[in-house]
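Q: The structure under discussion is supplied below as structure tokens; questions concerning it will follow.
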Amino acid sequence: MPLHKLQSAVSRAIVSALLTSTIAAATPAAAKEEVLYTFTGGADAEFPNSPLTSDSAGNLYGTAGGGAYGDGTVFELASTSNRWIETVLYSFSNSGDGAVPIGSVLFDRKGNLYGVARQGGASGFGTVFELSPSSTGGWKEQTLYAFPGGRDGAYPSSGLTSDDQGNLYGITQNGGSESCQRYGPGCGTIFELKRSNDSWKEYVLYSFPGGDNGDYPTGLARDRSGDLYGTTFLGGGSDAGVVFKLSHSAGQWQESVVHAFTGGRDGSNPSNGVTLDNAGNLYGVSQIGSGGGCIEGCGLVFEMMHAPKGKWKEIVLHRFKPNNHDGIHPSSTLIIDSAENLYGTTYAGGAYGMGIVFELMRNFDGKWAESVIQDFIRGNYGADPGTLFRGKDGNLYGTMYDDGTYNAGVVFQVSP
């Protein structure tokens, strides 16, 4: 079973059981949200569910479903003096170019965009693609790599990161070691696409074997020294997922487990990777776990802090609780500002049960306090918020998978 289907099944079962208890009559909070664009579906993009990216001019870029062939899109939202204008830059056709783009797109120094498609390509196991702006207008797509399945990986499951040389790093949720056969061939890989003149070559840096080392990776981040960090949805001693580190030394990559979740009050089944602060500490969310009255737990925000002798210590920064207008089931990779405050979203909970945008701020005593800065109401304002993006203007931008005028999702802005 692909990871996104497994996660969806867990999430929908939880939300279905909780909607009755979490939707409460309340006085609406002061509106801080502005809908920048409402997707219309069809040839337009629809159902966005990935983080946005910005160029130097503040225009926004993202991936979504829909498009001319129904196999997904990359879109731009351009800022003008009085409104935002959306343009579909590319529609995937599943004719070798891939289908179902997922995750954020990544700019290089020349203004090219890079991303992944979960499916399609020559073998149907997904692609890595490049979009290059044309001198005559429009964008040209090039498939840099098509995953064949098997040991090279299958079904990329999050956006890419890059190094100073422009090499690309990402994850696949399947493929890799043939010894791991839980839901399909292989339990996922971490890969690199290395540029050589005008061509690209893929290298598998690590193949997840399952078991204690984790399986089904769900996110990837790179620190200043070039080490890679992420989470797996499953695996570890309690099969509740792990936080991992992939270290590079003398031409070799070695994986180590930063933390193995127990499925209890420390969290369970992380699904969105981690965010690093300037000291190299890691922050992330667990959609379920921690207890607190929800079925299987309402989720939490955690920090993995450096400890003596190269070890790590997990600290739970916030536990989400039902029935108090807090969100439940955090659903996004966290983002961090220059003051090291954290921002994220939940896909359920809040006064109306449609999710929230939250901020976690460190107090003078070192403890963290959560505040709800946007409470979503189903309708034209959207529902099911995804990972946020912080613009240079300090505003938070994000996408809603559901609702809007055409029930195809929206792009929103929140001014914290």
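Only the coordinates and a few stated rules stand behind these numbers; no lab work does. As the structure is a computational prediction, the values presented were derived from the model and not from experiment. No Cβ is skipped: glycine too gets one built from the backbone with ideal geometry, and neighbour counts run over all protein chains shown.
Q: Rounded to the nearest angstrom and ordered from largest down, what semi-axes does the equivalent ellipsoid of the stretch 111-209 get from its C-alpha gyration tensor (root of 5λ)?
A: Rounded to whole Å, the semi-axes are 26, 14, 10.
Q: I need to check one value: relative contact order of the chain, counting alpha carbon pairs closer than 8 Å and at least 6 residues apart, in percent.
A: After rounding, I find 13 percent.
Q: Ordered by packing density, taken as the mean number of other Cβ atoms within 10 Å over each peptide's residues, highest first, how do 107-114, 157-164, 234-241 rank?
A: The most tightly packed comes first, giving 234-241, 157-164, 107-114.
Q: Still on this structure, please answer the following. Hey, rough spin-label estimate for Y203 and S56, points 7 angstrom out along Cα→Cβ, what's it come to in nanometres?
A: Using points 7 Å along Cα→Cβ, the separation is 3.1 nm.
Q: What size of dipole, in debye to the nearest 20, comes out for the chain about its Cα centre when the only charges are +1 on Lys and Arg C-beta atoms and -1 on Asp and Glu C-beta atoms? Provide the component values of the computation, followed by the final result.
A: On the way: 27 positive and 41 negative charges, 100 e Å.
Its charge dipole is roughly 480 debye.
Q: Of Y406, Y347, Y283, which has the largest mean-square fluctuation in a 10 Å C-alpha GNM of the chain?
A: Y406
Q: When the helices in the chain are scored as -39500 (n - 2.57) per DSSP H run of 4 or longer and the sum is shared across all residues, what 222 nm value do you end up with, to the nearest 500 deg cm²/dmol? Don't jump to the answer; show the numbers that get you there.
A: Working: 1 runs with 20 residues, N = 416.
It comes out at -1500 deg cm²/dmol, rounded to the nearest 500.
Q: Using only the Cα atoms of the chain, construct the convex hull and provide its projected area averaged over every direction, in square nanometres to one decimal. Spell out each step's value before the answer.
A: Values: hull surface 80.0 nm².
Convex hull of Cα atoms, orientation-averaged projection: 20.0 nm².
Q: If the limit is 29 Å between Cα atoms, which of K194/K311; K32/K367; K110/K313; K311/K392; K245/K367; K110/K392 go over it?
A: Working: K194/K311 31 Å; K32/K367 26 Å; K110/K313 40 Å; K311/K392 35 Å; K245/K367 26 Å; K110/K392 20 Å.
Correct reply: K194/K311; K110/K313; K311/K392.
Q: When you count, for each residue, the other Cβ atoms within 10 Å and take the mean per peptide, how do 58-67, 299-308 rank with the highest first?
A: Answer by packing, highest mean first, reads 58-67, 299-308.
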